[in-house]
Amino acid sequence: MIKIKIDPKRKIFYWGPADGQPVFPDFWNLGTFIFSRIYQPGWPPNVIFYEKGKLVFVCDHKKLHDDGEKIFKKYVLSKTRFKKAYAKWQKDLKNFILIKNKIEKTNLSSLADVDLRKLFSKFISIYNRNFWRNGLLPEMAGWGGEQLLVKELRNRIRDESDFIQALESLTAPEDLSFYQKESMDLLAIALEKDNKKRGERLAEHQKKYFWMLNSYHHVQILPISFFGKNLGGITAERARKKIREIEKIKKETIKNKKKTAKRHKLPKTILTIGRQLAFCIWWQDLRKSFIFQANYVISLFLKEFSGRYRVKSDNLFFYTVGDLESLVSGRAVSEDEIVRRKKGFLVYADPGEEMIHLFSGIAAQKTFQRYAKKSVEKNIQELRGLVVNRGNVTGRVKIVLSPREIGKMKKGDILVTTMTTPDYIVALRKASAVVTDEGGMTCHAAIVSRELKIPGIVATKIATKVLHDGDLVEVRANHGVVKILKRKS
């Protein structure tokens, strides 16, 4: 019998539920094995459970953060080691971009079986192995770096409001995210006076950013009209103003960090932790943009595999990387197994032991039930979480559990969800505040709430369970509190 090294009686770390299908995250999952060979103590044993188009990642909370802190201290706080790791990742990234561009330009259906197999094998080698071997460093170290910074600041700052301000300030990335870069590029098109050139530039913009709303669940090619709609109504004057605002972000971020350091007399050691953690947050965001581009490439292979090997396209979403490698060698996953996986699919990985086990159907459901969250008291009037961007706002709750539900969001609503991913950006741009069940200073909701300058509270654990659509709430992000003012009748 397989022993899963995650004790459900201990505090569990959850990522999700988020939209996801096995084929996309499995590349990340196998990447943790290569990462763990290089960066000790490596990634902890973990479980990813898939059901009804959702995925949940779980592992031991303490082990993730304690081991992450060891990695942060050893590989991120060391300038030499960190510089070397980032340089290696940039080199791997260049190779990834080369193979990505080659595949996008290749007519896969024209390739002989042996050539298709070689091309897919090369892609796996570059993306599944090389991209992740250093690319997982900011993620694993980020959880540990956050824990370390919190401990250091708690020892020096007693006032809760001051602590929140200092943590928020020191962890803010100084460079632009890929969403901000896309916004800058789009706003620059608004300054183009010639309509023909404007149209040409918009078409180039679409080619560059069509993947922006991809996810671990699906791939979509955003049309030119999507970006044209975002550009519509923006005058040249307004575009210049927005560009200036984005350009000021770096200066304002650095200025705020200096103020925080001076106000609390923070030593160089703490400032270094904050600076390195902020860079990890930025690096992880940059990495995410290439993950979604990789998912598009994976979708090209899946489309070709479906026709060539006569496998239903939606069945391929339940394949692992290993299954795909077997498929191109002539061995498909049985229909019965796919049926079971669609009911429930669990992947248990122990990177340290380089061991992976798959459970499907009832076996997967029963195994994950040990880690399922318990019910909570719903008749509460106030809940607390971690502040990722300060501010106070009052508004109506909208529970959005999938990007496919963002149509229910109206301008000024308070977005409440389990966690956000990049495909939530449309909802976030409408929101007056964001509140999540899970997350930390390095999570997507933290990054975007700062960019959009809206109050953000994450890691409430229970927001989606105790709040309901239409509830009137006050988000007191200066204090990490969400107060229920009036329930929707």
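Where helices (runs of 4 or more DSSP H) fall wholly inside the range 45-150, the ranges with 2 or more residues that are surrounded by fewer than 22 Cβ atoms within 10 Å (Cβ to Cβ) are 61-71, 79-105, 113-123. Inclusion of residue 19 among residues that are in contact with a Ser or Thr (Cβ under 6 Å, 6 or more places away or on another chain) and surrounded by fewer than 20 Cβ atoms within 10 Å (Cβ to Cβ) is warranted. Scan the range 1-48 residue by residue and report those that are among the polar types (S, T, N, Q), in contact (Cβ under 8 Å) with a residue 60 or more places away in the chain and within 23 Å of residue 69 (Cα to Cα). Those that are among the polar types (S, T, N, Q), in contact (Cβ under 8 Å) with a residue 60 or more places away in the chain and within 23 Å of residue 69 (Cα to Cα): 29, 32, 36, 46.
Taking the range 166-195 as the range and being of a type in the set (D, E, K, R) and assigned to a helix (DSSP H, G or I) as the test, the residues that pass are 168, 181, 182, 185.
The residues of the range 211-260 that are β-branched (Val, Ile, Thr) and within 27 Å of the chain's Cα centre (by Cα), listed by number, are 219, 221, 224, 243, 246, 249, 253, 254. If the condition is being surrounded by 24 or more Cβ atoms within 10 Å (Cβ to Cβ) and touching a Gly at 6+ places or on another chain (Cβ under 6 Å), then the range 456-489 contributes 457, 458, 477.
Within the range 428-440, one or more residues are out of contact with any helix residue (DSSP H, G or I) (no Cβ under 8 Å at 6 or more places or on another chain), part of a loop (DSSP other than H, G, I, E, B) and of a type outside the set (A, V, I, L, M, F, W, C). Among the numbered conditions (1) loosely packed, with under 15 Cβ neighbours inside 10 Å; (2) touching a Ser or Thr at 6+ places or on another chain (Cβ under 6 Å); (3) of a type in the set (S, T, N, Q), the only one that residue 329 does not meet is (2).
To keep it simple, each residue is scored yes or no on (1) assigned by TED's automatic domain parsing to the domain that holds residue 55; (2) within 25 Å of residue 423 (Cβ to Cβ); (3) touching a residue at least 60 places away in the same chain (Cβ under 8 Å).
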residue	(1), (2), (3)
292	yes, yes, yes
301	yes, yes, yes
313	yes, yes, no
327	yes, no, no
334	yes, no, no
355	yes, no, no
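If the condition is being within 27 Å of the chain's Cα centre (by Cα) and either among the polar types (S, T, N, Q) or at positive phi (or both), then the range 473-489 contributes 478, 480.
I'd like to check something: does the range 223-241 contain any residue that is among the β-branched types (Val, Ile, Thr), over 30 Å from residue 25 (Cα atoms) and part of a helix (DSSP H, G or I)?
Quick first cut of the range 223-241, residues among the β-branched types (Val, Ile, Thr) only: 224, 234-235.
Applying the additional criterion that residues be over 30 Å from residue 25 (Cα atoms) yields 234-235.
When the remaining residues are screened for being part of a helix (DSSP H, G or I), the result is none.
No, the range 223-241 contains no residue that is among the β-branched types (Val, Ile, Thr), over 30 Å from residue 25 (Cα atoms) and part of a helix (DSSP H, G or I).
Candidates in the range 401-426 are the residues that are among the hydroxyl-bearing types (Ser, Thr, Tyr) and buried (at least 20 other Cβ atoms within 10 Å of the Cβ); of these, the one that is farthest from residue 461 (Cα to Cα) is 424. For the residues 213, 266, 222, the requirement of being closer than 26 Å to residue 79 by Cα and either in contact with a helix residue (DSSP H, G or I) (Cβ under 8 Å, 6 or more places away or on another chain) or surrounded by fewer than 17 Cβ atoms within 10 Å (Cβ to Cβ) (or both) singles out 266.
So, residue 184, is that one modelled with pLDDT of 95 or more and either closer than 26 Å to residue 250 by Cα or surrounded by fewer than 21 Cβ atoms within 10 Å (Cβ to Cβ) (or both) or not? When the stated conditions are applied, residue 184 does not pass them. Restricting attention to the range 454-475, the residues being touching an Asp or Glu at 6+ places or on another chain (Cβ under 8 Å) and part of a loop (DSSP other than H, G, I, E, B) number 4. Here residue 447 meets each of (1) assigned to a helix (DSSP H, G or I); (2) modelled with pLDDT of 90 or more with one exception, condition (2). Looking at 329, 306, 299, just one residue is out of contact with any Pro (no Cβ under 9 Å at 6 or more places or on another chain), of a type in the set (Gly, Ala, Ser), under 30 Å from residue 104 (Cα atoms) and not in a helix (DSSP H, G or I), and that residue is 329.
Of the residues making up the range 356-413, those that are farther than 16 Å from residue 468 by Cα and charged (D, E, K, R) are 366, 370, 373, 374, 384, 390, 404, 411. State whether one or more residues within the range 388-396 are in a helix (DSSP H, G or I), of a type in the set (A, V, I, L, M), in contact with a strand residue (DSSP E or B) (Cβ under 8 Å, 6 or more places away or on another chain) and not assigned by TED's automatic domain parsing to the domain that holds residue 213. No, every residue in the range 388-396 fails to be in a helix (DSSP H, G or I), of a type in the set (A, V, I, L, M), in contact with a strand residue (DSSP E or B) (Cβ under 8 Å, 6 or more places away or on another chain) and not assigned by TED's automatic domain parsing to the domain that holds residue 213.
The values are calculated or read from the model by the stated rules, or taken from the named source; none is laboratory data. Every value quoted in this text rests on a predicted model; they were computed, and no experiment measured them. Quick reminder, even Gly has a Cβ in these numbers, built from the backbone with ideal geometry, and neighbours come from all protein chains shown.
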